[in-house]
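A.B. asks: First the structure, which I've put down as structure tokens, then a few questions once you've had a look.
The values are calculated or read from the model by the stated rules, or taken from the named source; none is laboratory data. The structure presented is a predicted model; accordingly, all values stated were derived computationally and were not measured. All Cβ positions, glycine included, derive from the backbone under ideal geometry; neighbour counts span all protein chains shown. Heads up: the accessible areas ignore ligands, DNA and RNA and are worked out on the full protein's heavy atoms, side chains in. Shrake-Rupley method; radii C 1.70, N 1.55, O 1.52, S 1.80 Å.
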Amino acid sequence: MKNQLSLFVATLATLFITLTASAQGEWKWAHYWSGGDGSYGDYYNKIINTAFDDEGNIYVYGTMGGNAVFDGQTLQFVNNAEVLNRNERSILLAKFDILGNMLWYKVVKNSGTWSVPKWMEVRNNQIHISGDTGLDYVDWNWNNVWLYFLDTLITGSQVHLTPVENRHPPFQTGRWTFFTTLDTDGEVIGSHFVESFSRERILQGNEYIRYESSLCSYSGHVPTPIHTDFQGNTYIFTPIWYKGSEDDSLTIVVDGDSNKTYNLFLPGNVPNDNYMAHITNAILYKFSSSGELLFAKLLVNHTDGIASSYNLTGDSINKYFNVYYKGMSFDENDNMYLTGYVQLAECIVGQGGELHDYPVHVWWDSTHHVTINDISSADACNFVIKYDTDGNVVWCNQLYSRGNPSISSSYAHGLWNNVIEKNDSLYIIGTGSYAVGGDALIYFDNEENYLQRFQPVKSDIGFFVGYDAISGQYINHGIVPAAQAVMGKCPAVISNRLFAYSNVDGQSRMMSQWSTDGHFISSELLLASEPLGDGSIVANENGDLLLSCQATSPVNFGNNVSVSCPSGHSNAVVAFYHNPEFTTPFVPDDSVGIDEYYQNREREIYLYPNPTDGHTTVCGYMYGYRSIELLDLQGRKLATLLDSPHGTDVPEIDLSPYPSGTYLVKINFERGVSVVRKAVRSK
């Protein structure tokens, strides 16, 4: 019975969200591309990011496998069928008009290894992209080595015949990061190609080697964002790991030019005798329009409080930690906002994580840091940092948590994703999770601003949080009022509406919407025969939304818009949604006030089952409830059934200890109002 009830409540939650969706907007079109996936279950076909230009045209940037098709039709490349058929991960850049017609597409692909897209943005009617690619310097059969770079075919034999000292990217073997600017017709305006040579490190025995790499993460699973400002300067933010002596430099070479070779001496001596003992950090690079390196700064400046057992031998500055990038956004003055999280080494309970000297401080510079207070936040201390155009930290903030995962009732874990700046406000989406009961807590600036709980089961909580972009101060947050809600990658903002892609109950994919003051508006269900993969949303001021996601089966968006994705492997999906009402500020329930909106939602609250032989559930919009009390018919308090200051959407109450009869169930909300419902305890 309890399992059936839980399923019923989950279904009601999903139906409630779906039925509150706006009926004014509609899906206009959708497309997909697909191609051969790689081995080991690695899906090649997905969208990294999308963008609008000033005229409403759409740009899509992502990965593509071999034998690629677009809406079931084979993609064509002039005079080079091998580019199409070679089953290697490659890069696809495409432009669509507002009606969904594909205007052009470009590819970056090579014969020997992956080409990996990292980031794209459209600014001043120019397209800026970055990626990781190269020519295969391992395959010495030069006739079979080639690179197809944005309409330019380069063969290994061409490169091989060129003297080494005269080889400049892209006519150079090895791997490198590229950042390229194109006009809106897809014509290349300019490119820079950056190689990086790591500090020396021992891989086997006493043999020292240097290996050629790129600034980007080679795996392709972590986007490496770029941004080009109004002066044509380019920012690249990328993870880095290194070993060996600090006397060995990280060498950066731009465009193969010896006059643009830079040696960066990273702090700390990291032992070479232990392959796993390395520092994981990140670097922010800034290049001028001519490719000069203006600065390169480490994300983590130093740490304190990490247990001595995790200090790296000979390293007096950095300790053993990992940092992960999650999102980046820029304002109109080219200030940068960066989100991510820090993970302490061996933070797993029972493997040494509890031995750290809390609090641990991770410093971004000499004055700004985040604080890791206990084991609960050691696994993922989420941060947001504001940098000025010189790479200096302006302010930082963080997501806090307290608890101890070794105690089942004290589990709390939060992880936020991407960030967007809009009108001097900053919005970050994320997901939190609590165990049932206990005193673990996720909060934003102090414990009065906490993330609400969902009970009676351990549940994911989808949320967004807003910060003042000028001061870095917390403003508010909002949640998806349904259990098991996991947020997608990117938020979007139009007027006072914030949108995000969300996963509810592990199966349903939704397009969720809030007002930027934290008020939940609606979620619209996306139908697929199999659960959709990761997704994100971008928007423009015309009321247009562009949703991108990954699918392994056909998807129905509604309004007769669907994509017939073949089942069994990955498909990159992009869909266009328009609602003119998005361009005006959201006002709840057809121009009634916020208070009346809540009153209407609270009138819909009911108990199920009722009558009950013991257990019943409070159903409806339970956002921000504080406690539930049991009263007799004269209004006298008999008991506090639930005291949950962190709120829940589907609280279950137990009337089995009480005699049969009629009672009053009083639900008290944090906004200072109460709702009373009759409950019948049957024999």
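A.B. asks: Limited to the range 229-270, what total is found for residues that are within 26 Å of residue 339 (Cβ to Cβ), modelled with pLDDT under 85 and of a type in the set (S, T, N, Q)?
C.D. replies: Within the range 229-270, residues that are within 26 Å of residue 339 (Cβ to Cβ), modelled with pLDDT under 85 and of a type in the set (S, T, N, Q) number 1.
A.B. asks: Also, I was wondering about something else. Could you grab me the full set of residues in the range 649-677 that are touching a residue at least 60 places away in the same chain (Cβ under 8 Å) and either surrounded by fewer than 13 Cβ atoms within 10 Å (Cβ to Cβ) or more than 40 Å from the chain's Cα centre (by Cα) (or both)?
C.D. replies: The answer is 673, 677.
A.B. asks: Please go through the range 635-648 and give me each residue that is touching a strand residue (DSSP E or B) at 6+ places or on another chain (Cβ under 8 Å), open to solvent by 30 Å² or more (accessible area, probe 1.4 Å) and either modelled with pLDDT of 85 or more or assigned to a strand (DSSP E or B) (or both), ordered by number.
C.D. replies: 635, 637, 638, 640, 641, 642, 643
A.B. asks: Could you tell me which residue of the range 501-531 is surrounded by the fewest Cβ atoms within 10 Å (Cβ to Cβ), considering only residues that are in contact (Cβ under 8 Å) with a residue 40 or more places away in the chain and closer than 23 Å to residue 58 by Cβ?
C.D. replies: Applying the filter and picking the extreme gives 524.
A.B. asks: Also, quick follow-up: Search the range 110-126 for residues being farther than 18 Å from residue 44 by Cβ and assigned to a loop (DSSP other than H, G, I, E, B), and hand back the single one that is most open to solvent (accessible area, probe 1.4 Å).
C.D. replies: The qualifying residue most open to solvent (accessible area, probe 1.4 Å) is 124.
A.B. asks: Of all residues in the range 333-352 being assigned to a loop (DSSP other than H, G, I, E, B) and modelled with pLDDT of 90 or more, which is most open to solvent (accessible area, probe 1.4 Å)?
C.D. replies: Checking each candidate, the answer is 333.
A.B. asks: Here is a further query. Pick from the range 64-85 the residues that are more than 17 Å from residue 569 (Cα to Cα) and either part of a loop (DSSP other than H, G, I, E, B) or open to solvent by less than 10 Å² (accessible area, probe 1.4 Å) (or both): which of them is modelled with the highest pLDDT?
C.D. replies: 75
A.B. asks: Given the conditions (1) over 16 Å from the mean Cα position of the chain (by Cα); (2) within 24 Å of residue 572 (Cβ to Cβ); (3) without any contact (Cβ under 8 Å) to a residue 60 or more places away in the chain, and given that residue 478 satisfies all but one, which numbered condition is not satisfied?
C.D. replies: Status for residue 478: all satisfied but (2).
A.B. asks: Select the strands (runs of 3 or more DSSP E) contained entirely in the range 353-451, then report the ones holding at least 2 residues which are out of contact with any Asp or Glu (no Cβ under 8 Å at 6 or more places or on another chain) and not small (Gly, Ala, Ser).
C.D. replies: It comes to 369-372, 381-387, 393-398, 412-422, 425-434, 441-443.
A.B. asks: Any residue at all in the range 172-190 that is modelled with pLDDT under 80 and in a loop (DSSP other than H, G, I, E, B)?
C.D. replies: Yes; the residues of the range 172-190 include at least one that is modelled with pLDDT under 80 and in a loop (DSSP other than H, G, I, E, B).
A.B. asks: Now a separate question. Open to solvent by less than 10 Å² (accessible area, probe 1.4 Å) and in contact (Cβ under 8 Å) with a residue 60 or more places away in the chain: does that describe residue 498?
C.D. replies: So residue 498 passes the test.
A.B. asks: Among the numbered criteria (1) in contact with a helix residue (DSSP H, G or I) (Cβ under 7 Å, 6 or more places away or on another chain); (2) at pLDDT 85 or above; (3) surrounded by fewer than 16 Cβ atoms within 10 Å (Cβ to Cβ), which single criterion is violated by residue 107?
C.D. replies: Status for residue 107: all satisfied but (3).
Conditions tested, residue by residue: (1) among the hydrophobic types (A, V, I, L, M, F, W, C); (2) over 30 Å from residue 421 (Cα atoms).
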| site | (1), (2) |
| --- | --- |
| 552 | no, yes |
| 555 | yes, yes |
| 560 | no, yes |
| 572 | yes, no |
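A.B. asks: Hey, among 171, 149, 178, which residue is aromatic (Phe, Trp, Tyr) and touching a helix residue (DSSP H, G or I) at 6+ places or on another chain (Cβ under 6 Å)?
C.D. replies: 171
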